[in-house]
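Shown next, in structure tokens, is the structure this report addresses.
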2 protein chains.
Amino acid sequence: MSAPFSFELKAKDGRARTGAINTPRGLIRTPAFMPVGTGATVKAMFPEDVAATGADIILGNTYHLMLRPGAERVARLGGLHKFMHWEKPILTDSGGYQVMSLAKLRKISEQGVTFQSHLDGATIELTPERAIEVQCLLGSDIQMVLDECTPFPATHEEAKRSLDLSMRWAERSKAAFETMSAPGQALFGIVQGSIYPDLREESARALTGIGFPGYAVGGLAVGEGQEAMFDTVEITTAFLPEDRPRYLMGVGTPQDMLGAIARGIDMFDCVMPTRSGRHGQAFTWGGRINLRNARYAEDATPLDAESKCPAARYERAYLHHLIKSGEMLGAMLISYANVQFYQELMAKARAAIGAGNFVAFAEDVARRYAVDDES
Amino acid sequence: MSAPFSFELKAKDGRARTGAINTPRGLIRTPAFMPVGTGATVKAMFPEDVAATGADIILGNTYHLMLRPGAERVARLGGLHKFMHWEKPILTDSGGYQVMSLAKLRKISEQGVTFQSHLDGATIELTPERAIEVQCLLGSDIQMVLDECTPFPATHEEAKRSLDLSMRWAERSKAAFETMSAPGQALFGIVQGSIYPDLREESARALTGIGFPGYAVGGLAVGEGQEAMFDTVEITTAFLPEDRPRYLMGVGTPQDMLGAIARGIDMFDCVMPTRSGRHGQAFTWGGRINLRNARYAEDATPLDAESKCPAARYERAYLHHLIKSGEMLGAMLISYANVQFYQELMAKARAAIGAGNFVAFAEDVARRYAVDDES
């Protein structure tokens, strides 16, 4: 458990990168997609199936886990990996984002944020130090600084004030991490600054000045639209060091991810494959399809003939029936196939970057996803 | 697919029996427990995991399947086995029981029963002939005659009138089956008669007079209590031929099943392992436990150290967390472990009967289940 955390860049194709993050719990091949295991489970999936999709790392949500079952309880039970039967790396967020989106009666101060639990109304304080303490109790391999995810839209002044607070919290997070963390664990900084290029540059410079083994781009995919997101990613990654992994938080669709990879991003997380799966929306190599659609009621073709996923062999008519009937097996199968699709997409992106044909690959996927039956 | 349907009795221990039913789709070792796949899925379980538990056969509900996705649709898609990815035998009930328990505005006549679908209110007629037609469209290996499941309590007169109707329907069901069925499929008769010994005898004699390759005991586990159920089973099996399998419908707990095996029953079905699983109740070799109970919040022991089920290796504290959080994985793991427990129970019962120590085995299980944390 004492091997160091490191990042090795293996190939570039334009600004797209492929490489590997070494951690004591295993290698994370990049570009990497991290399935989201909010409440100590990637929803509706057995952990061995999550691993079978090719996921090298999953994400856990600090906010949810600190409320239930509680970080101290997880620690007493041997840590999050043991608790949820996942031996490979885990990244935890800081909890800040969910405090803003889920908790009641939030109050931000210089010290941190106090809020009421959405589960039982208990008043809880989350400071940069407590966010790190919780993540260390969980035992995650990659941890995130507490930041304020700047709401969108924000004026330049609001974004600047929010950014400055996040940078002070980043320093405090790092100081706490240095006293609490175990060997091999890593803490990532998070660039904020809304969609303002000067603030993104300022934030990136501030964070690289503090120094982190990896950097996230936060505050995006919050309603700004794909073009503004891509522009902001492009500007931000230009100010981040080449030799550290870059993580775009909470993104996204296949097209979003490929566009971000083209702009230098290495890591993603998103609830989309599992949340969509529970609602009958499938990501396939033929595009996105909505299995609730009546056109699939007697479609005897497999969900995705191009996928290697066992779940993708199930016929669309059966999945249609399961989803229409509210049967858990529908959510189980489509979530599995979706997570597998996301992993296959990353695997093919890595191969394409290595072979120097990432642009052609991304264009091919864009064609497949140009029309979907949602539209 | 043209091998005949047959039953081979291999050993007896008292009135308990072990044997095997041969079908074109495979062997059913008896005593057998059939997991219930109501809507073309054993709820919250992958079909390959159902098979991995050792289940030789599952049950499908004609009522549910005729309403959604519809028997004709299933037939067009290649039959129920192909539709739900289950290659081994399937038994379907006739739909009569669910018409009584789920449908609205039921009306019984000599011809059959008309009812309104609980899904969309459509008026549907189910006759003995249509019940067979639906089961043949589904392609089930063992089919059931349409009967009236006599409500409990019923006066002797009510039970007699109901029984007489069921016996006339049994004759019509058999006549329809003979014109519609495929080689190797089998139709079972169903003994009714409430808790009246003379009516059970009368019903058993009437059915054996018609002649079926297997016989079910229906109209039990409807509120009469375990003692009355056991008495009725004991009386009924005495009038059934030794060389045909006997199926106690809708039963039950481990103790119920072992008591019925001791009285000559060979087959069971029940939603209990899957329904309980979704609610956090687990059947283990240490007894039944309710994982919602706070005592399991930090219990790091596996669900069932004596079980061979992969799901039973998960720690109770984790299962407690999943169930309390409403996570599907909790239902998935406990349903899997419960169905596996039911199959292990049947496997051990078969071995005990073969070895001539069934009574000791049943007493051992009764001790394990004498106290549970529900009480």
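I'd like the residue in the stretch A:346-358 that is crowded, with 22+ Cβ neighbours inside 10 Å and of a type in the set (A, V, I, L, M) and, out of all such residues, is farthest from the other protein chains (Cβ to nearest Cβ). Outline the logic, then answer.
Within the stretch A:346-358, the subset crowded, with 22+ Cβ neighbours inside 10 Å is A:346, A:349-350, A:352-353, A:358.
Within this subset, residues satisfying the condition of being of a type in the set (A, V, I, L, M) are A:346, A:349, A:352-353.
Numbers: A:346: 24, A:349: 29, A:352: 32, A:353: 34 Å.
By that ranking, first place goes to A:353.
Here is a check on your reading of the model: is residue A:271 surrounded by fewer than 24 Cβ atoms within 10 Å (Cβ to Cβ), of a type in the set (Val, Ile, Thr) and touching a residue at least 60 places away in the same chain (Cβ under 8 Å)? Full working, then the answer.
Numbers: surrounded by fewer than 24 Cβ atoms within 10 Å (Cβ to Cβ): yes; of a type in the set (Val, Ile, Thr): yes; touching a residue at least 60 places away in the same chain (Cβ under 8 Å): yes.
Yes, satisfied.
One line per residue, one yes/no per condition, for (1) surrounded by fewer than 18 Cβ atoms within 10 Å (Cβ to Cβ); (2) more than 22 Å from the chain's Cα centre (by Cα); (3) not charged (D, E, K, R):
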| position | (1), (2), (3) |
| --- | --- |
| B:137 | no, no, yes |
| B:141 | no, no, no |
| B:169 | no, no, yes |
| B:174 | no, no, no |
| B:177 | no, no, yes |
| B:186 | no, no, yes |
| B:190 | no, no, yes |
| B:193 | no, no, yes |
| B:197 | yes, yes, yes |
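For every residue, the table says whether it meets (1) farther than 16 Å from residue A:76 by Cα; (2) surrounded by fewer than 23 Cβ atoms within 10 Å (Cβ to Cβ); (3) within 14 Å of chain A (Cβ to nearest Cβ); (4) of a type outside the set (Phe, Trp, Tyr).
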site: B:277; (1), (2), (3), (4): yes, no, yes, yes
site: B:280; (1), (2), (3), (4): yes, yes, no, yes
site: B:286; (1), (2), (3), (4): yes, yes, no, yes
site: B:310; (1), (2), (3), (4): yes, yes, yes, yes
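Within the stretch A:71-81, how many residues turn out to be farther than 14 Å from residue A:39 by Cα and either at pLDDT below 95 or basic (Lys, Arg) (or both)?
Step one: list which residues in the stretch A:71-81 are farther than 14 Å from residue A:39 by Cα, which gives A:72, A:75-78.
With the extra rule that they be either at pLDDT below 95 or basic (Lys, Arg) (or both), the set shrinks to A:76.
Within the stretch A:71-81, residues that are farther than 14 Å from residue A:39 by Cα and either at pLDDT below 95 or basic (Lys, Arg) (or both) number 1.
Pull up the stretch A:85-94, narrow it to residues that are surrounded by fewer than 24 Cβ atoms within 10 Å (Cβ to Cβ) and not aromatic (Phe, Trp, Tyr), then point me to the one that is nearest to residue B:302 (Cα to Cα).
Just the residues of the stretch A:85-94 that are surrounded by fewer than 24 Cβ atoms within 10 Å (Cβ to Cβ), to begin with: A:85-88.
With the extra rule that they be not aromatic (Phe, Trp, Tyr), the set shrinks to A:85, A:87-88.
Values: A:85: 12, A:87: 17, A:88: 21 Å.
Here the residue is A:85.
Filter the stretch A:320-359 down to the residues that are within 17 Å of residue A:306 (Cβ to Cβ) and of a type in the set (Gly, Ala, Ser) and list them by number. Can you show your working first?
Residues of the stretch A:320-359 that are within 17 Å of residue A:306 (Cβ to Cβ), as a first pass: A:333-334, A:336-349, A:351-352.
Those that are within 17 Å of residue A:306 (Cβ to Cβ) and of a type in the set (Gly, Ala, Ser): A:337, A:347, A:349, A:351, A:352.
Within the stretch A:293-308, how many residues turn out to be under 29 Å from residue A:348 (Cα atoms) and facing chain B (nearest Cβ under 7 Å)?
Residues meeting the conditions: 1.
Looking only at helices (runs of 4 or more DSSP H) that fall completely inside the stretch A:1-106, which ones have 2 or more residues that are away from chain B (no Cβ under 14 Å) and in contact (Cβ under 8 Å) with a residue 40 or more places away in the chain?
Qualifying helices (runs of 4 or more DSSP H): A:96-102.
Failed condition for residue B:149, given (1) surrounded by 19 or more Cβ atoms within 10 Å (Cβ to Cβ); (2) at pLDDT below 95; (3) within 14 Å of another protein chain (Cβ to nearest Cβ), with all others met?
Result: residue B:149 passes all but (3).
Table: residues versus (1) surrounded by fewer than 16 Cβ atoms within 10 Å (Cβ to Cβ); (2) under 25 Å from residue A:12 (Cα atoms).
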site	(1), (2)
A:300	yes, no
A:304	no, no
A:315	no, no
A:325	no, no
A:332	no, no
A:336	no, no
A:360	yes, yes
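Counting just the residues of the stretch A:171-205 that are among the hydrophobic types (A, V, I, L, M, F, W, C) and in a helix (DSSP H, G or I), which one comes out nearest to residue A:260 (Cα to Cα)? Show your work before the answer.
So the first thing to find is which residues in the stretch A:171-205 are among the hydrophobic types (A, V, I, L, M, F, W, C), and the list is A:175-177, A:180, A:182, A:186-188, A:190-191, A:195, A:199, A:204.
Within this subset, residues satisfying the condition of being in a helix (DSSP H, G or I) are A:175-177, A:180, A:199, A:204.
Numbers: A:175: 30, A:176: 31, A:177: 29, A:180: 33, A:199: 19, A:204: 17 Å.
Filtering the stretch A:171-205 for residues that are among the hydrophobic types (A, V, I, L, M, F, W, C) and in a helix (DSSP H, G or I), the one nearest to residue A:260 (Cα to Cα) comes out as A:204.
With the checklist (1) crowded, with 24+ Cβ neighbours inside 10 Å; (2) among the aromatic types (Phe, Trp, Tyr); (3) out of contact with any strand residue (DSSP E or B) (no Cβ under 8 Å at 6 or more places or on another chain) in hand, flag the one item residue B:296 doesn't pass.
The single condition residue B:296 does not satisfy is (3).
Contact list please: Cβ distance under 6 Å, first residue in the stretch A:320-331 and more than 7 Å from chain B (Cβ to nearest Cβ), second residue surrounded by fewer than 24 Cβ atoms within 10 Å (Cβ to Cβ), pairs at least six apart or on different chains.
As it stands, the answer is A:320/A:297; A:323/A:280; A:323/A:292, since those pairs meet every condition given.
Can we say residue A:115 is closer than 26 Å to residue A:34 by Cβ and free of Cβ contacts under 8 Å to residues at least 40 places away in the same chain?
Details: closer than 26 Å to residue A:34 by Cβ: yes; free of Cβ contacts under 8 Å to residues at least 40 places away in the same chain: yes.
When the stated conditions are applied, residue A:115 passes them.
The values are calculated or read from the model by the stated rules, or taken from the named source; none is laboratory data. Keep in mind it's a predicted model, so treat the numbers as computed, not measured. Positions of Cβ are backbone-derived with ideal geometry, glycine not excepted, and every protein chain shown enters the neighbour counts.
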